[in-house]
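Accompanying notes for the structure given below.
The values are calculated or read from the model by the stated rules, or taken from the named source; none is laboratory data. Please read all numbers here as calculations on a predicted model, not as lab measurements. Ideal geometry is used to build each Cβ from the backbone, glycine not excepted, and the neighbour counts take in all protein chains shown.
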Amino acid sequence: MIVCEGSKTEPKYFAGVLAKWKLQSVDVVPARGSAPTTIVEDAASRKKQRAVDASRSDFVAEYDEVWCVFDVDEHAKLKTAIATAAANEIRVALTNPCFEFWLLLHFVRFGTTTQTRQQVQRELRRYIPKYEKGGDHVDELFDGIGPAIQRAEHILKSQWQVNPEEAVNLLNCNPSTAVHLVVKKLQKMAIQ
């Protein structure tokens, strides 16, 4: 299961990728709320409910992985949200400053200069002129998934020298993303 901060952009991206790769065993849901602590609490609640449902039915399986996807943005209590996720065996794919940075990596290797949400969105519109939050842009992005994964890994290794598996490492790494970790998992499932 992938629980997304946004109610449109992130879920549409993941739903589009799942459709392209013909994956039906992954649930993508917008969180009930936008604060990272709320997102993680929502994911933990859904995970627990799914375990209960699985114990009562032969047709429902527990989630083998649960991911929360959210931005650094201006959110307070990010460290608390990340710690709560870890305590509930939930993985975090954090993007700094915003999800659009991951989308931008589908087109271009990005520099090391700290970016604001507005700067990233403006740069993304150079590649998707009609980009709007919540729009359906998967067709424009899909061919760039492989390069985006490589670019995200390159930034984390060369610029920040951090392990993206530990979301707290990305809090001060602007720009950076760990969304590629989720996408690599989906890609692996599609190949199998």
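If the condition is being of a type in the set (Phe, Trp, Tyr) and either in a loop (DSSP other than H, G, I, E, B) or in contact with a Gly (Cβ under 8 Å, 6 or more places away or on another chain) (or both), then the stretch 89-119 contributes Phe99, Phe107, Phe110. At pLDDT below 95 and either surrounded by 16 or more Cβ atoms within 10 Å (Cβ to Cβ) or under 14 Å from the mean Cα position of the chain (by Cα) (or both): does that describe Ser25? Considered against the rule, which asks whether it is at pLDDT below 95 and either surrounded by 16 or more Cβ atoms within 10 Å (Cβ to Cβ) or under 14 Å from the mean Cα position of the chain (by Cα) (or both), Ser25 comes out as no. Of all positions in the stretch 39-52, none carries a residue that is under 22 Å from Val162 (Cβ atoms), surrounded by fewer than 19 Cβ atoms within 10 Å (Cβ to Cβ) and touching a residue at least 12 places away in the same chain (Cβ under 8 Å). Of everything in the stretch 1-17 that is in a helix (DSSP H, G or I) and of a type outside the set (Phe, Trp, Tyr), the residue that is surrounded by the most Cβ atoms within 10 Å (Cβ to Cβ) is Glu10. Give the residues of the stretch 137-148 that are surrounded by 13 or more Cβ atoms within 10 Å (Cβ to Cβ) and either closer than 24 Å to Ile90 by Cα or touching a Gly at 6+ places or on another chain (Cβ under 9 Å) (or both), sorted by residue number. Selection gives His137, Val138, Leu141, Phe142, Ile145, Ala148.
Just one of the listed residues (Arg151, Arg126, Arg122) is among the basic types (Lys, Arg), buried (at least 18 other Cβ atoms within 10 Å of the Cβ) and assigned to a helix (DSSP H, G or I), and it is Arg151. Pairs linking a residue in the stretch 87-108 that is under 22 Å from Gly134 (Cβ atoms) to a residue that is of a type in the set (S, T, N, Q) and assigned to a helix (DSSP H, G or I), with Cβ atoms under 7 Å and 6 or more positions apart or on different chains, are Phe99/Thr9; Glu100/Gln121. Just to be sure, is Arg117 under 17 Å from the mean Cα position of the chain (by Cα) and surrounded by fewer than 22 Cβ atoms within 10 Å (Cβ to Cβ)? Spelling it out, Arg117 is indeed under 17 Å from the mean Cα position of the chain (by Cα) and surrounded by fewer than 22 Cβ atoms within 10 Å (Cβ to Cβ). Scanning the stretch 18-46 for residues that are in contact with a strand residue (DSSP E or B) (Cβ under 9 Å, 6 or more places away or on another chain) and in a helix (DSSP H, G or I) gives Leu18, Pro36, Ile39, Val40, Asp42, Ala43, Arg46.
Residues in the stretch 64-99 that are among the hydroxyl-bearing types (Ser, Thr, Tyr) and farther than 18 Å from Lys47 by Cα: 2 in all. What are the residue pairs meeting all of these: first residue in the stretch 116-143, first residue farther than 19 Å from Gly6 by Cα, second residue charged (D, E, K, R), Cβ atoms under 9 Å, and 6 or more apart or on different chains? Pairs that qualify, where the first residue is farther than 19 Å from Gly6 by Cα and the partner is charged (D, E, K, R), are Glu123/Glu100; Tyr127/Glu140; Ile128/Glu140; Asp139/Lys20; Phe142/Lys20. Among the residues of the stretch 28-60, the ones that are among the aliphatic types (A, V, I, L, M), modelled with pLDDT of 95 or more and over 19 Å from Gly134 (Cα atoms) come to 6 in all.
If you check Val162, Val138, Val168 for being at pLDDT below 95, aliphatic (A, V, I, L, M) and over 16 Å from the mean Cα position of the chain (by Cα), only one passes: Val162. The set of residues in the stretch 154-192 being small (Gly, Ala, Ser), in contact with a Leu (Cβ under 9 Å, 6 or more places away or on another chain) and either free of Cβ contacts under 8 Å to residues at least 60 places away in the same chain or surrounded by fewer than 21 Cβ atoms within 10 Å (Cβ to Cβ) (or both) consists of Ala190 alone.
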